[in-house]
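Heads up, the thing below is written out as structure tokens.
Values in this text are rule-based calculations from the coordinates and carry no lab data. All values derive from a computational prediction rather than experimental measurement. Ideal geometry is used to build each Cβ from the backbone, glycine not excepted, and the neighbour counts take in all protein chains shown.
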Amino acid sequence: MRWQPGDQVLVEMMDFGMPFMVLPVTVVWDRPDELVLWFAEGTPYRHRVQRDSSGIPRVASPSAFAQLDTQLVPTTAPGRTALVVLRPGRAHAVQLHWDMPGWRFRQWYVNLQTPFARTTHGIRSTDRFLDIVVDPDLSWRWKDEDEAQEAVRVGRLTSAEAAAIREEGERVVTDIEAGRPPFDRTYTQWRPDPAWEVPPVPDGGTGSRS
Ligand code: MG
């Protein structure tokens, strides 16, 4: 199953067996080696918060999370747009972030996450805490190393998993330092088809469309 450019699909970021973020995106291309998705400025999406609207601790232990009463609520990220570059079997996504209006390229954001799985309506993955931020000049730094350590401490990751996540990040760093795609201008100068429309808000988290 492959999608066509312009198809609207959902990215579901999962944790504890449930969606934590449900993002409507547009397929840029879907090739055997690369799936690229566009998150349009002003797209309504859903994210999980506590019933009283407070945030969920980013590295809650399974037992602490089980105590929380949570729900998916609609939100937006004004002034932001992003391209998401995914490679089948690879445990990361490379996001390109621009500030809007004007397409000012801000950064690449390497999100370490489980290899994406296709669903009938999009893809699923699970965030793996550690990230890499890459400036427009290709200087880079680890982000949230403390959260990755905390994830091991509270039982969200084994030490071996944490080591494998970091090794995946180190493989990406070799691409960053070499300026290999998507860390090059062929991606930073990408722009969407003007005919593409902002997708509607996704429904309450079952994955189907409202
Ligand atoms: Mg992350």
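Listed here are the residues, each with its yes/no results for (1) part of a strand (DSSP E or B); (2) at positive phi; (3) within 16 Å of the ligand (Cβ to nearest atom).
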{"residue": "Ala60", "(1), (2), (3)": "no, no, yes"}
{"residue": "Phe65", "(1), (2), (3)": "no, no, no"}
{"residue": "Leu68", "(1), (2), (3)": "no, no, no"}
{"residue": "Gln71", "(1), (2), (3)": "yes, no, no"}
{"residue": "Val84", "(1), (2), (3)": "yes, no, yes"}
{"residue": "Arg90", "(1), (2), (3)": "no, no, yes"}
{"residue": "His97", "(1), (2), (3)": "yes, no, yes"}
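Residues in region 186-196 that are without any contact (Cβ under 8 Å) to a residue 12 or more places away in the chain and part of a loop (DSSP other than H, G, I, E, B): Gln189, Pro194.
Selection of region 101-123 for residues being touching a Pro at 6+ places or on another chain (Cβ under 8 Å) and closer than 14 Å to Arg90 by Cα yields Pro115, Phe116.
State which residue is surrounded by the most Cβ atoms within 10 Å (Cβ to Cβ) when the search covers only region 46-63 and only residues that are of a type in the set (Gly, Ala, Ser) and in contact (Cβ under 8 Å) with a residue 12 or more places away in the chain. Checked region 46-63; the qualifying residue surrounded by the most Cβ atoms within 10 Å (Cβ to Cβ) is Ala60.
If the requirement is being within 13 Å of Gly122 (Cβ to Cβ) and not in a strand (DSSP E or B), which of these qualifies: Met1, Met21? Working first, answer last.
Working: Met21 fails: not in a strand (DSSP E or B).
Criteria check complete, one pass: Met1.
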